[in-house]
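Data block below; observations after.
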Amino acid sequence: MKTKKIEVLAPAGNPAALKAAVFAGADAVYMGGSLFSARASAVNFSREEMREAVLFARERNVRVYVTVNTLLKDDELPEALDFCKFLCSVPVDGILIQDMGLFNILREACPEMPLHASTQMSLHTPGGAALLKELGASRVVLAREMSLKEIEEVSKKTDVELEAFVHGALCMSLSGQCYFSAMLGGRSGNRGRCAQPCRLKYGWGNKADGSPLSLKDMSLAGHLRELRKMGVACVKIEGRMKRPEYVAAAVTAYRQ
């Protein structure tokens, strides 16, 4: 169900960033555990830290979503399922999923837990968003590279809750589906281990003075009214690798 009040969703890559987001006025935060998170290089949260984080946030009326948004190998499914059952016991307010196998298992194993289709699913069409709702997603996190017109089209033609990235780094590829890091060094973005080789300087000969593959960061602070009018339920700030000061500044700007 779409809502008129837009949710400001902030990154929490560690406990300090969580507090920065909450005190700056975030409506919700998203974080990852020690496994199966698309930001494996962030500090992230142990189970006990996550339990404490949820208690801290809930006391301040802030929702907590947890990322389990990497592709999984078959032998990892039992451990991923065990972690998700822990999240259900806490309980968190939603789990972000990329892997459709895990998604389908959780619909049976944890039917009451809201599942969010991760941006890693590359959902960018009304048909894709509608399919994920039909399969049981309570929210779709849209592909980051979508234009406002494309977001509006999805919103008009579906009634699933939509979340859109509004601030932070952009991948050179589609929704993080890049194999550059995996091919160069065996560190796959779909496994949460992207080394970000696109951020490096490249050139020819002995001269590498530019970053032709590195996109500028996104900033849609001037378009929030448009997004709300379209029916976007949640605006998401990228940055689980960022310092708490960055998180506080970004949340403050979007909150205001």
- Can you spot the aspartates and glutamates whose alpha carbon is less than 20 Å from LYS229's alpha carbon? Ignore those fewer than 8 places along the same chain. GLU7, ASP27, GLU145, GLU150, GLU152, GLU153, ASP159, GLU161, GLU163
- Query: Quick one: putting +1 on the C-beta of Lys and Arg, -1 on the C-beta of Asp and Glu, what dipole do you get for the stretch 181-224 around its Cα centre, in Debye to the nearest 20?
  - Reply: 180
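Using only the heavy atoms of the protein chains and a 1.4 Å probe, how would CYS178, CYS84 rank by accessible area, largest first? Numbers along the way, then the final one.
On the way: CYS178 35, CYS84 0 Å².
My answer, sorted largest first, is CYS178, CYS84.
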- Going from most exposed to least, what order do SER34, SER188 have by accessible area with a 1.4 Å probe? SER34, SER188
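What does the charge dipole of the chain about its Cα centre add up to, to the nearest 20 debye, if the Cβ of each Lys and Arg holds +1 and the Cβ of each Asp and Glu holds -1? Please list the in-between numbers first.
Details: 34 positive and 28 negative charges, 166 e Å.
Value, rounded to 20: 800 debye.
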- Does the chain classify as rounded, prolate or oblate by the C-alpha gyration tensor (a ≥ b ≥ c root eigenvalues; a/c under 1.5 gives rounded; else a/b over b/c gives prolate, otherwise oblate)? rounded
- On the accessible surface of the stretch 43-120, probed at 1.4 Å with all protein chains in place, carbon and sulfur together account for a percent value of 50
- Message: At 7 Å along Cα-to-Cβ for each site, give me the label-to-label distance between ALA109 and ALA249 in nm.
- Response: 4.1
- Measure off 7 Å from each Cα along the Cα-to-Cβ vector at ARG58 and GLN256, then give the distance between these two points in nanometres to one decimal. 3.3
- Message: Pairs of alpha-carbon atoms within less than 8 angstrom and 6+ residues apart define the contacts here; what relative contact order does the stretch 149-246 have, in percent?
- Response: 41
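Mind checking the full-extension length gain between LYS207 and GLU134? Use 0.36 nm per residue of separation minus the Cα-Cα distance, one decimal, nm. Numbers along the way, then the final one.
On the way: separation 73, 0.36 × 73 = 26.28 nm, distance 5.21 nm.
In short, 21.1 nm is gained.
Efficiency by 1/(1 + (r/R0)^6): what FRET value for VAL90 and PHE23, r their Cβ-Cβ distance, R0 = 25 Å, to the nearest 0.05? Don't jump to the answer; show the numbers that get you there.
On the way: r = 22 Å, r/R0 = 0.86.
Rounded to the nearest 0.05, the efficiency is 0.70.
Is the stretch 48-140 best put as rounded, prolate or oblate by its Cα gyration tensor, with a ≥ b ≥ c the root eigenvalues, rounded for a/c under 1.5, and otherwise prolate when a/b is larger than b/c, oblate when not? If you can, show how the numbers build up before the last one.
Values: a/c = 2.03, a/b = 1.35, b/c = 1.50.
Oblate, because a/c is 1.5 or more while a/b does not exceed b/c.
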- In debye to the nearest 20, how big a dipole does the stretch 7-61 give about its Cα centre with +1 on each Lys and Arg Cβ and -1 on each Asp and Glu Cβ? 80
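Is the stretch 93-224 best put as rounded, prolate or oblate by its Cα gyration tensor, with a ≥ b ≥ c the root eigenvalues, rounded for a/c under 1.5, and otherwise prolate when a/b is larger than b/c, oblate when not?
On the way: a/c = 2.88, a/b = 1.61, b/c = 1.79.
Since a/c reaches 1.5 but b/c is at least a/b, the shape of the stretch 93-224 is classed as oblate.
Of all the accessible heavy-atom surface of the stretch 148-249, with the other protein chains kept in place and a 1.4 Å probe, what percent is carbon and sulfur?
On the way: 3280 of 6010 Å².
Carbon and sulfur together cover 55 percent of it.
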- How many nm is it between the label spots at LEU35 and GLU76, if each spot is 7 Å from the Cα in line with the beta carbon? 1.0
- Item | Cβ-based charge dipole, the stretch 41-184, positive-most Cα from LEU87, LEU142, ALA182 | LEU142
- Selection from ILE97, LEU132, LEU213, by position along the positive dipole direction of the chain (Cβ): LEU213
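Please work out the average accessible area per residue across the stretch 82-154, using the 1.4 Å probe convention, and give it in Å². All intermediate terms of the calculation are to be shown ahead of the outcome.
Details: 2900 Å² over 73 residues.
Counting only protein heavy atoms, the per-residue value for the stretch 82-154 is 40 Å².
Strictly over 29 Å apart at the Cα level, which of LYS85/LYS133; LYS19/LYS73; LYS157/LYS236; LYS5/LYS133; LYS19/LYS85 would you flag in this model?
Working: LYS85/LYS133 22 Å; LYS19/LYS73 34 Å; LYS157/LYS236 22 Å; LYS5/LYS133 21 Å; LYS19/LYS85 25 Å.
Pairs exceeding 29 Å: LYS19/LYS73.
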- Task: Considering Cα pairs under 8 angstrom that are at least six residues apart, work out the relative contact order of the chain and quote it in whole percent.
- Result: 26
- Item | Peptides ranked, highest mean first, by Cβ atoms within 10 Å: ranges 115-127, 200-212 | 115-127, 200-212
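The values are calculated or read from the model by the stated rules, or taken from the named source; none is laboratory data. Note that the coordinates shown come from a computational prediction; the quantities given were computed from them, not determined experimentally. Glycine gets a Cβ as well: all are built from the backbone with ideal geometry, and neighbour counts include every protein chain shown. For the accessible areas, the whole protein counts, side chains as well, though only heavy atoms, and no ligand, DNA or RNA atoms are used. Shrake-Rupley method; radii C 1.70, N 1.55, O 1.52, S 1.80 Å.
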